[in-house]
Amino acid sequence: MSAIEVLQEKLLGNFYSLFRVGDVFDLYFDGFSLIAHDVVSTDEDEINKQLSTLYPRASDAVDKEDVAKSIVLSSTLHKCITCVDLLPDSSLELTFENGVKLLFPTNTEVVDWQWALNENANDPYLGCIVGVFVSGEVQLGNC
């Protein structure tokens, strides 16, 4: 199977039931995780504009950019994935049943991996199903 076939088999029609935000992003599906150094949504800019009014304390967050990302991730929790795309630069784009699109990009600097589906959310190299370990290069794991 190709990388996109594996991604579609694992993700299409599926949903995540838990997410964690920290040094990396971790979305837990049944039996595997999608982990990434970054997640991007076009909705983030609008959320960030409204945060100062809606929740002024967000400006005190250490990682301010993660506040909007967390809101977007919350909005796709338990929502089925309706489209899985692997972009030319190996970024992963997921579309959810509520119309939200999440992009897992491959342009994070000074890291040795970008995103991965794996059997444990701790180390992308252990139990890797599919992932990007060098920007632009999708690799199939041995799971």
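The values are calculated or read from the model by the stated rules, or taken from the named source; none is laboratory data. This structure is a prediction, so every number in the text was calculated from the model and none was measured. Positions of Cβ are generated from backbone atoms using ideal geometry, with glycine treated the same way; all protein chains shown enter the neighbour counts. Keep in mind that these areas ignore ligands, DNA and RNA; they rest on the heavy atoms of the full protein, side chains included. Shrake-Rupley method; radii C 1.70, N 1.55, O 1.52, S 1.80 Å.
The table below gives the values:
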{"item": "Contact order normalised by residue count of region 97-143, Cα under 8 Å, 6+ apart, percent", "result": "28"}
{"item": "Tyr28, Tyr16, Tyr55, ranked by accessible area, largest first (probe 1.4 Å)", "result": "Tyr55, Tyr28, Tyr16"}
{"item": "For Asn48, net neighbour charge (Lys/Arg +1, Asp/Glu -1) across residues whose Cβ lies under 9 Å away", "result": "-2"}
{"item": "Farthest toward positive dipole pole in region 15-143 [+1 Lys/Arg, -1 Asp/Glu at C-beta], among Ile129, Asn48, Trp113", "result": "Asn48"}
{"item": "Gained length - Arg20 relative to Ile4, 0.36 nm times residue gap less alpha-carbon distance", "result": "3.3 nm"}
{"item": "Ranked order, Glu97, Glu44 - accessible area, probe 1.4 Å, largest first", "result": "Glu97, Glu44"}
{"item": "Note, ³J(HN,Hα) from phi for region 99-109, Karplus 6.51, -1.76, 1.60, rounded to Hz, x at Gly and Pro", "result": "x, 6, 10, 10, 10, 10, x, 10, 10, 5, 7"}
{"item": "Value of relative contact order over the chain, rounded to a whole percent, pairs C-alpha under 8 Å and six or more apart", "result": "25"}
{"item": "Of Thr106, Thr82, Thr42, the one that fluctuates the most in a GNM where the chain has Cα springs shorter than 10 Å", "result": "Thr42"}
{"item": "Length-normalised contact order of region 1-62 in % [C-alpha pairs under 8 Å, at least 6 apart]", "result": "16"}
{"item": "MRE, 222 nm, helices only [DSSP H, n ≥ 4, -39500 (n - 2.57), over the chain, to nearest 500]", "result": "-6500 deg cm²/dmol"}
{"item": "Nearest-10 value in Å² for the accessible area of Cys83, using the 1.4 Å probe", "result": "50"}
{"item": "The chain, accessible surface, carbon-and-sulfur percent (1.4 angstrom probe)", "result": "51"}
{"item": "Under Karplus coefficients 6.51, -1.76 and 1.60, residue-wise ³J(HN,Hα) of region 8-21 in Hz, glycine/proline x", "result": "5, 4, 7, 9, 4, x, 9, 8, 9, 10, 7, 9, 10, 10"}
{"item": "Helix axis angle, 44-54 relative to the chain longest principal axis, alpha carbon, degrees", "result": "30"}
{"item": "Where the chain is the region considered: accessible area per residue in Å², 1.4 Å probe", "result": "54"}
